[in-house]
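See structure below.
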Amino acid sequence: MSQTSDRDQTMCLRRESPLTEDLELLFQRHTRDMHADTPPESIHMMPREALVHPEIDFFVLREAGRAIGMGAVKRMNVDHGEIKSMHVLDEVRGRGLARLLLDELIGHARSAGLTRLSLETGTQASFLPARKLYERAGFVECGPFGDYRLDPNSVYMTLTL
């Protein structure tokens, strides 16, 4: 994916290492948001280092070279994947970038042969925009999957690809 905006700034999404040095701000903001109003036992965010794994494809959204968004697809088995660590910086929200990132992650999952893509997100009001984004993309609520258990602070969603 590569686009040019009307200001001639290049927007690109590509696979990168989650350990890339200039991603620190994204991970700090993601961690801050996850801990803002969620009890620690209900936070299912993967540590940055754990995202370096053969079963995880990690992507960075950049505008004019600056990292402004990230997301990953974790293969849980041959046909089921999970979206992990999806985040777009606050200051660039409202431009459709989260939807762009989500659409690209869904497209990647399809091209990787997955037939189902799931995710876990929070029930708190601060997660409402994310839940609405996932619903608009076709995700529906489901029960816990993988190693997740019922949690009043979690919503589980899935999409058939």
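Every read-out reported here was derived from the displayed coordinates using simple, explicitly stated rules and does not represent laboratory data. This one's a predicted model, so the numbers in the text were calculated from it and none came from an experiment. Note that we place each Cβ from the backbone using ideal geometry, even for glycine, and neighbour counts take in every protein chain shown.
Here are a few things to note about the model shown:
- For the criterion of being in contact with a Leu (Cβ under 8 Å, 6 or more places away or on another chain) and either among the β-branched types (Val, Ile, Thr) or surrounded by 18 or more Cβ atoms within 10 Å (Cβ to Cβ) (or both), VAL92 fails.
- Residues that are crowded, with 17+ Cβ neighbours inside 10 Å and of a type in the set (Gly, Ala, Ser) are absent from the range 49-63 altogether.
- The set of residues in the range 100-156 being of a type in the set (D, E, K, R), surrounded by fewer than 14 Cβ atoms within 10 Å (Cβ to Cβ) and farther than 20 Å from MET76 by Cβ consists of LYS132, GLU135, ARG136.
- Pairs, first within 17 Å of ALA50 (Cα to Cα) and in contact (Cβ under 8 Å) with a residue 60 or more places away in the chain in the range 79-99, second surrounded by 13 or more Cβ atoms within 10 Å (Cβ to Cβ) and among the basic types (Lys, Arg), C-beta under 8 Å, six or more apart: GLU82/LYS74; HIS87/ARG29
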